[in-house]
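Report on the structure given below.
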Amino acid sequence: VTMSNTSQVQGYTVGILTVSDTASTDSTKDISGPTLKTVFEQASNEDNTFNIIRNAIIPDDFEQIQDIVKQWSDNENLDIVITTGGTGFGVKDVTPEAVEPLLQKISPGITYAMITTSLQKTPFAALSRLVSGVRGKTIIMTVPGSPKGAKENLEAVISVLPHAIDLVRGGTGEKVHAQLNTQETNNSRDESGHQCVHNTKHEHHYHEHEHHSFLSDSLTGPVTQRQRKSPYPMITVDEALKIVANNVEVLDSVTVPVDENLIGMILAEDVYAKEPVPAYRASIVDGYAVVASDGPGTYPVVGVSIASDQPEAIQLKPGQITRITTGGVIPDGATAVVMVEDTSLVSTSADGLQEDSVEIHVQARDNEWIREIGSDTSVGTIVVRKGELVTAVGGEIGVMASVGVREVRVYKRPVFGILSTGNEVVNHNEKIELKFGQIRDSNRPTFLAISKVTGFEAKDFGIVRDNAQELENALKLALSQVDVLVTTGGISMGEFDLLKPTLERSLGATIHFGRLKMKPGKPTTFATIGSNESKKLIFSLPGNPVSATVTFYLFVLPALRKIAGYNNWNLPIVQAELSNNISLDPRPEYHRASISFDHTKGKFLAMSTGNQISSRMLSMCSCNALLKLPEKTDQLKELIKGTMVNAILIGQLN
């Protein structure tokens, strides 16, 4: 998986090589590569810019490692090649062995700086077998495969890399020396008087938990120490969806009665017919049961067979017929049924109330108009398959009821919690006049409405203020009662955006992503707490109402569907034709639209709901689809009317 930037690159060129058997088969498992990219981006400034122009993921293979390092250094002359992974004591860890023979000059100082920095955090850093040096005009470094180790090792030396590159290129390094001298007064010192290798804005990542490194800000540090750029690697929506899917497990199954409460549940087993349908030989039409070999003629009517729980026992003989209703039991001896339309009355009883004899006008065929036992469904037939949804149409419940199935195993449906955050947020139904700066909470009512139409149980945990302890308590309470927790607000870069640090530092959650390349919903965050057996999912969505609603449909609802056992958990996508021009955004956009089927054109038409600003909830009114729009490029700045786009269905079609 290699990417390149073919444009003219200014500054320092960098190649990031992830070495991992796991990530080479599933790129969403690569967290360290994007983490290193973020460190380089944050370290870039007007004087020194690090440009990632090569990025690859390969397995732990000695020859592949050497081939790519040589390609990037010898042929492409990158300034920096950094590998992540394969530096430990594992049997397959061969990165140092592959890289060290390629180095023409060893740089023990860089290696020492990286290792000693990690040793300040954990003694296990002693098990990291890092190497670094120079090949040609390329600086080559190896760092661990963990995001924590990779980040802190690169941060330990990134400030000296411009100077090293200048020297390797043949320069004197005077410009870099001047810059470093200017910055020297801003460098912090630790308690022992030794100069820190991290700038102060990064140092607070580690002091709360000796053996853990966090990307989020400290909950106790002053606002002056907050990070100015998001530390979370920006990933695509597709990558985020894969990460969510990889962390979702279907819940256990339960046995429940076959009734209307099954609607919306997913079957956890194949369902077999316990009884045949029909359970007896039955007439398909109203008419007369006959012996087919008798042929046309006039015959005495010797009985009546109607649909009943106590049918009359009749033995039909040749030369006789029996009046019969739809669903009536076929008498013993009868071999066919003739429709009443193909007969005529010949005589009646003395009182005129009963048919005495009837003329048959057609030649009946054996088994004509007869439903044999089990002809619709025989015993043992699979009537509904594992993984199928029990719909409100009623077909699944009806067929199970018809074949004698009284109870069935289904997957438990997840319960999700809803929690809004923010000092400015008040309940939407409070009978108060808003104070200056307050806003009404529209996110919780919106999610509760979605829960009604989708059938997932939701628990409302109200609004919590921007206070670390109150937030921690609210999160713990909610997580004790739900399978999935959905929060809104508090995930951006403000000093009171406490969700990420509270999840990471106070609750021990794993944040899998915290920044997405999308509009709206850039700061959307996904985290998990607990093991596979008791794992809880946490979706922290933006506070802006539209962003929250869009990301709920994109991430939360598919996750709920997968937990509930849906085979196809993603929402359906159709192709729709734009009914108006739409300007593109630098980020891929999920544009709110109303789509309907045009029978004259034979296609779906999509009409934008107007202004798409993320705070404008009006754009969700009459919206039943999210249009997947590409990011803007120099070649493509607008989609014109008539363009076909993919539309994710989130509501009923018009």
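The values are calculated or read from the model by the stated rules, or taken from the named source; none is laboratory data. On a predicted model such as this, the values are computed, not experimentally measured, just so you know. Cβ placement follows ideal geometry from the backbone for every residue including glycine, while neighbour counts extend to all protein chains displayed.
Here E638, E631, E589 are screened, and the one residue that is in contact (Cβ under 8 Å) with a residue 24 or more places away in the chain, closer than 24 Å to K522 by Cβ and surrounded by fewer than 13 Cβ atoms within 10 Å (Cβ to Cβ) is E638. Scanning segment 66-98 for residues that are more than 16 Å from V131 (Cα to Cα) and part of a strand (DSSP E or B) turns up nothing.
Among the residues of segment 44-60, just one is surrounded by 18 or more Cβ atoms within 10 Å (Cβ to Cβ) and small (G, A, S), namely A56.
Taken over segment 446-497, the residue count meeting the criterion of being in a helix (DSSP H, G or I) and in contact with an Asp or Glu (Cβ under 9 Å, 6 or more places away or on another chain) is 3. Scanning segment 475-514 for residues that are surrounded by fewer than 21 Cβ atoms within 10 Å (Cβ to Cβ), more than 29 Å from K412 (Cα to Cα) and not polar (S, T, N, Q) returns M493, G494, E495, F496. Kindly check whether there is at least one residue in segment 510-523 that is within 20 Å of G422 (Cα to Cα) and among the polar types (S, T, N, Q). No; the residues of segment 510-523 include none that is within 20 Å of G422 (Cα to Cα) and among the polar types (S, T, N, Q). Does at least one position in segment 142-149 carry a residue that is at negative phi, at pLDDT 90 or above and part of a strand (DSSP E or B)? The answer is yes; a qualifying residue exists. Of all the listed residues (E46, E63, E41), the sole one being acidic (D, E), in the same structural domain as H163 (by TED's automatic domain parsing), within 19 Å of P162 (Cα to Cα) and part of a helix (DSSP H, G or I) is E41. Which of the residues that make up segment 355-375 are under 16 Å from V291 (Cβ atoms), assigned to a loop (DSSP other than H, G, I, E, B) and hydrophobic (A, V, I, L, M, F, W, C)? Within segment 355-375, V362, A364, W369 meet the criteria. In this entry, I266 passes the filter for residues that are in contact with a Gly (Cβ under 6 Å, 6 or more places away or on another chain), buried (at least 19 other Cβ atoms within 10 Å of the Cβ) and either β-branched (V, I, T) or not assigned by TED's automatic domain parsing to the domain that holds I324 (or both). The lone criterion from (1) touching a residue at least 40 places away in the same chain (Cβ under 8 Å); (2) in contact with a Ser or Thr (Cβ under 7 Å, 6 or more places away or on another chain) left unmet by R371 is number (2). Scanning segment 419-432 for residues that are modelled with pLDDT of 95 or more, buried (at least 19 other Cβ atoms within 10 Å of the Cβ), out of contact with any Cys (no Cβ under 7 Å at 6 or more places or on another chain) and farther than 20 Å from N544 by Cβ turns up nothing. When we screen D376, D366 for residues that are surrounded by 15 or more Cβ atoms within 10 Å (Cβ to Cβ), at negative phi and not aliphatic (A, V, I, L, M), the only hit is D376. Applying the set (1) surrounded by fewer than 18 Cβ atoms within 10 Å (Cβ to Cβ); (2) within 27 Å of G171 (Cα to Cα); (3) of a type in the set (S, T, N, Q) to S73 leaves exactly one unmet item: (1). For segment 524-549, the set of residues classified as under 13 Å from S420 (Cα atoms) and over 16 Å from the mean Cα position of the chain (by Cα) consists of P542, G543, N544, P545, listed by residue number.
Yes or no: S492 at pLDDT 95 or above, out of contact with any helix residue (DSSP H, G or I) (no Cβ under 8 Å at 6 or more places or on another chain) and of a type in the set (S, T, Y)?
No, not satisfied.
When we screen V329, V346 for residues that are in contact (Cβ under 8 Å) with a residue 12 or more places away in the chain and farther than 20 Å from E312 by Cα, the only hit is V346.
Could you check D309 against (1) within 60 Å of the chain's Cα centre (by Cα); (2) at pLDDT 95 or above and say which number it fails? Every listed condition holds for D309 apart from (2).
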